[in-house]
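Enquirer: Dropping a structure here in structure tokens format, bear with me for questions.
The values are calculated or read from the model by the stated rules, or taken from the named source; none is laboratory data. Note that the structure is predicted; figures quoted are calculated from it, not measured. Virtual Cβ from ideal backbone geometry, glycine too; neighbours counted across all protein chains shown. The protein model used for the area step is the full one, side chains on, heavy atoms only, and it has no ligands, DNA or RNA in it. Shrake-Rupley method; radii C 1.70, N 1.55, O 1.52, S 1.80 Å.
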Amino acid sequence: SAAAWFDGQQLHRVQLEAAPILPTAVHLDRAYLALTGTAAIDRYVEENRGRRVELVAELIGESATGVTGNNTGEDITRLETQRNAIYGPLHDRTLPGRLFLGLKRLLGDPEIERLTVFEKHYRIVALLTPILAQIRLGLERDVPPPLPAVHAGRPVTFEGRSGARNGVATARLTEAYEHAGLRIAEFYPEPVAATLSWLQGARRRQSGTALTVDFGGGTLDLAVVRFEGASFEVLSTHGMALGGDRIDQLIFEHMLFPELGKGERWVREVEGRTIDTLFPFHEFESGLINWQTTFLLNQNEWRHRVVDRIARGDAAAEKFQRLLDLITFNYSYNCFQAIRRAKVQLSTLTQTSIDIPELNLTVPFSRVQLDAILAQVLARTRECVETVLSRACRAAGEIDVVIRTGGTSEIVAVRDLLESLFPQ
């Protein structure tokens, strides 16, 4: 998240923590004390380093499955009922705190009203409020209160299957802003807001049609806007849940999985027979690429397989030792930080490396490799562009300017795709 204020001449970005960008994260410990931003993520990662996880099922009731001693004429006091315990889902009984990321993705689903945090139930609105309160405090350091109403960005289309998802999401956001002490002047679809920012900064007064491509961490949002002087008309918008976070996961899969043991064989003795199969790496994949839940792999169920594979002692044992270290010390987040640094570097360089000192691992990484990984992402981006143009009843040749915003739009392959569709 980010915030800024405008004095009529100049835009002022607000320092929300050490930088103008605040990770949209909330951490709640068992005392329900909230941390936000980088501090929330750091606390969550650190408190799960080296912690062995034990999942237990909660006893939620009993069921009667049969009655004995019920022969005709038997004293009813001697009847015995056989009962079975009913257990709920497994939970991590020693989890120190909960981390909430990507709450925006739940806002449009009217069926998801509350999330369970330890023994309490929190409305999604209540979980968003600490983040917005942090933004309000940052604004108040620059702008004397009372603050004016804010213009807030929102996705073109919120995630969810409900046809009313945009209305549900904006109503929830409005309530969360109010709880945080902020009034909403208007919600702007994010690519429309970016278009207006460009028009203001360019001081343009001629007429034309702009395509804005807002390609961020979680979503790809597009808008076609007709502008003339200071006035504008939104011709169409379109969006999908595709962004830099998913690209980072694809890079992890292609570049790091082979260094952690994917594709290696596993020879072991089972009931007197020698079994030779591929190591079941696929069972670890989801836990590895979702760093928020990687610590759940630190259970005996998962560890014993990796430990046994290391004990086989061949050339691949080093890879599995890295996998064990990653699981034990919760290093998945460190891996993603290294991936993001390398991805950014490939916007200006043709060759770099993914450097993860915690795993004693350096993987060469080139722009050619990144382009290959992005093939499907680029195809979906092209489809999005074609859809938003079709909805605006505009051909590519009728677009006068293409505006890029969001970190993912800086990837060279994305720039090249747009340049091929809209030359000059």
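Enquirer: Given contacts defined as C-alpha pairs under 8 Å and at least six residues apart, what's the relative contact order of segment 288-340, whole-number percent? Let's see the in-between values first.
Expert: Numbers: 33 pairs, mean separation 21.6, N = 53.
41 percent.
Enquirer: Calculate how steeply helix 124-142 sits against the longest principal axis of the alpha-carbon atoms of the chain, using the helix alpha-carbon long axis, and give the answer as 0 to 90 degrees to the nearest 10.
Expert: 40
Enquirer: Hey, got the dipole for segment 319-424? About the Cα centre, +1 on K and R Cβ, -1 on D and E Cβ, debye to the nearest 20?
Expert: Numbers: 12 positive and 11 negative charges, 37 e Å.
It works out to roughly 180 debye.
Enquirer: I've got another one for you. In whole Å, what are the extents of the chain along the principal axes defined by its C-alpha atoms, from largest to smallest?
Expert: Rounded to whole Å, the extents work out to 94, 61, 43 Å.
Enquirer: Please figure out what share of the DSSP beta bridges in the chain is antiparallel and state it in percent, rounded to the nearest 5. Each step should come with its number before you reach the end.
Expert: Numbers: 56 of 66 bridges.
Around 85 percent of the beta bridges assigned by DSSP in the chain are antiparallel ones.
Enquirer: Now, a different point. Can you classify segment 284-354 as rounded, prolate or oblate using the Cα gyration tensor, where a ≥ b ≥ c are the square roots of its eigenvalues, rounded means a/c under 1.5, and otherwise it's prolate if a/b beats b/c and oblate if not? Numbers along the way, then the final one.
Expert: Values: a/c = 3.70, a/b = 1.69, b/c = 2.20.
Oblate, because a/c is 1.5 or more while a/b does not exceed b/c.
Enquirer: Can you compute the helix-only [θ] at 222 nm over the chain? Use -39500 (n - 2.57) per DSSP H run of at least 4 residues, normalise by all residues, nearest 500 deg cm²/dmol. Write out the running numbers ahead of the final one.
Expert: Details: 12 runs with 147 residues, N = 424.
For the chain, the value works out to -11000 deg cm²/dmol.
Enquirer: Expressed as a whole number of Å, what is the distance separating the alpha-carbon centroids of segment 338-363 and segment 181-234?
Expert: 33
Enquirer: So what J values fall out for segment 335-348 if you push phi through Karplus, 6.51 cos²θ - 1.76 cosθ + 1.60 with θ = phi - 60°, rounded to Hz, Gly and Pro as x?
Expert: Residue by residue, segment 335-348 yields 4, 5, 4, 5, 4, 5, 4, 5, 4, 5, 4, 6, 6, 10 Hz.
Enquirer: Please state the charge dipole magnitude for segment 267-315, taken about the Cα centre, from unit charges on C-beta atoms (+1 on K and R, -1 on D and E), reported in debye and rounded to the nearest 20. Kindly include the intermediate steps, with their values, before the conclusion.
Expert: Details: 6 positive and 8 negative charges, 22 e Å.
Approximately 100 debye in magnitude.
Enquirer: Share of the chain's accessible area from carbon and sulfur, percent, 1.4 Å? All intermediate terms of the calculation are to be shown ahead of the outcome.
Expert: On the way: 10980 of 21990 Å².
Taking all protein chains in place, the chain shows 50 percent carbon and sulfur surface.
Enquirer: Additional query: Which order do peptides 168-177, 215-224, 301-310, 3-12 fall in by mean Cβ count within 10 Å, highest first? Intermediate results must be reported in sequence, preceding the final value.
Expert: Working: 168-177: 19.7, 215-224: 24.0, 301-310: 16.8, 3-12: 10.9.
Peptide ranking by packing, descending: 215-224, 168-177, 301-310, 3-12.
Enquirer: Another question about this same structure. Does anyone have the angle between helix 375-391 and the longest principal axis of the chain? Alpha-carbon axes, 0 to 90°, nearest 10?
Expert: 50
Enquirer: By a straight-distance test (C-alpha under 17 Å), which lysines pair with K262 as possible cross-link partners, with residues fewer than eight away in the same chain excluded?
Expert: Within the straight-line limit of under 17 Å, K262 reaches these lysines: K319.
Enquirer: If you don't mind, there's one more thing I want to ask. With angles folded into 0 to 90 degrees, how steeply does helix 190-202 sit against the dominant principal axis of the chain? Use alpha carbons for both and round to 10.
Expert: It is inclined by approximately 30 degrees.
Enquirer: Considering only DSSP beta bridges where both residues belong to segment 86-212, give the percentage that are antiparallel (nearest 5). Before the final figure, lay out the partial values.
Expert: On the way: 4 of 9 bridges.
The antiparallel fraction comes to roughly 45 percent.
Enquirer: Same structure, new question: I'd like to know how segment 283-424 sits against the 2.2 N^0.38 Å rule of thumb: what's its Cα Rg over that expected value? All intermediate terms of the calculation are to be shown ahead of the outcome.
Expert: Values: Rg = 20.4 Å, N = 142, 2.2 N^0.38 = 14.5 Å.
Ratio of Rg to 2.2 N^0.38 Å for segment 283-424: 1.41.
Enquirer: What does the charge count around I41 come to, taking other residues whose C-beta lies under 12 Å from its C-beta (Lys +1, Arg +1, Asp -1, Glu -1)?
Expert: Numbers: positive: R43; negative: E17, D42, E46, E47.
Overall, the nearby charge balance is -3.
Enquirer: Once you sort the root eigenvalues of the Cα gyration tensor of segment 234-310 as a ≥ b ≥ c, which label holds: rounded (a/c under 1.5), prolate (a/b larger than b/c) or oblate (the other case)? Walk me through the numbers on the way to the answer.
Expert: Working: a/c = 3.59, a/b = 2.67, b/c = 1.34.
In terms of gyration-tensor shape, prolate.
Enquirer: Counting only residues 5 or more places away or on other chains, whose amide H sits under 5 Å from the amide H of E264 once H atoms are built in the peptide plane?
Expert: Answer set, sorted by chain and number: F279.
Enquirer: Could you tell me the calculated FRET efficiency between T174 and D276, based on Cβ-Cβ distance and R0 = 41 angstrom, to the nearest 0.05?
Expert: Values: r = 60 Å, r/R0 = 1.46.
After rounding to 0.05, the efficiency reads 0.10.
Enquirer: Can you tell me the accessible area per residue over segment 97-187, all protein chains present, probe 1.4 angstrom, in square angstrom? All intermediate terms of the calculation are to be shown ahead of the outcome.
Expert: On the way: 4710 Å² over 91 residues.
Accessible area per residue: 52 Å².
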